[in-house]
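Written out below as structure tokens is the structure these notes cover.
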Amino acid sequence: MKDRIIQIMQNEGLSNAEFAEKIGISTSSLSHIYNGRNKPSLDVVLRIHNAYPLVNLDWLMTGQGEMQNSSDGSSENAENAQPLSMDFDFRTDDGFDMNGNASQSTVKEEVRYVEKPHPRITEIRIFFDNGTYQVFKPENND
């Protein structure tokens, strides 16, 4: 189904953000569908169909039939539509884009471990119930 959704976007000439806004979902929800983390919910399918009523619901859900319902017997948009080459800006967590190619801009995170000296006891105070206390200090403070 994600391929059919992409086909609708290409047919309309919309970017991922424009398409998500048009159907009323977040770009991250659309990204999750493209990356295969989530399947489109019935709500998303109905939002697509409401935004694009000429899209054949059977085709959208099952891939069967034509992409567009015939309106007045003409399919002007379908005949004149040319496939567009679109690059989506969704990236997977493994640094590869949707086509399996390595991402061009790789962010490297560097973690530095700084050793700090172990804390030393400088003083111990013991308080008694009669309001007095006693202080103990180590003899060797090195």
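Rule-based calculations on the coordinates, nothing more; no lab input. Not measured: the values here are computed from a predicted model.
Details
- Shape of segment 1-54, Cα gyration tensor, a/c cut at 1.5: rounded
- Close amide-amide hydrogen proximity is noted between Val55 and Asn69, each under 5 Å apart and 5 or more residues distant or on a separate chain (H modeled in the peptide plane; Pro and chain starts excluded).
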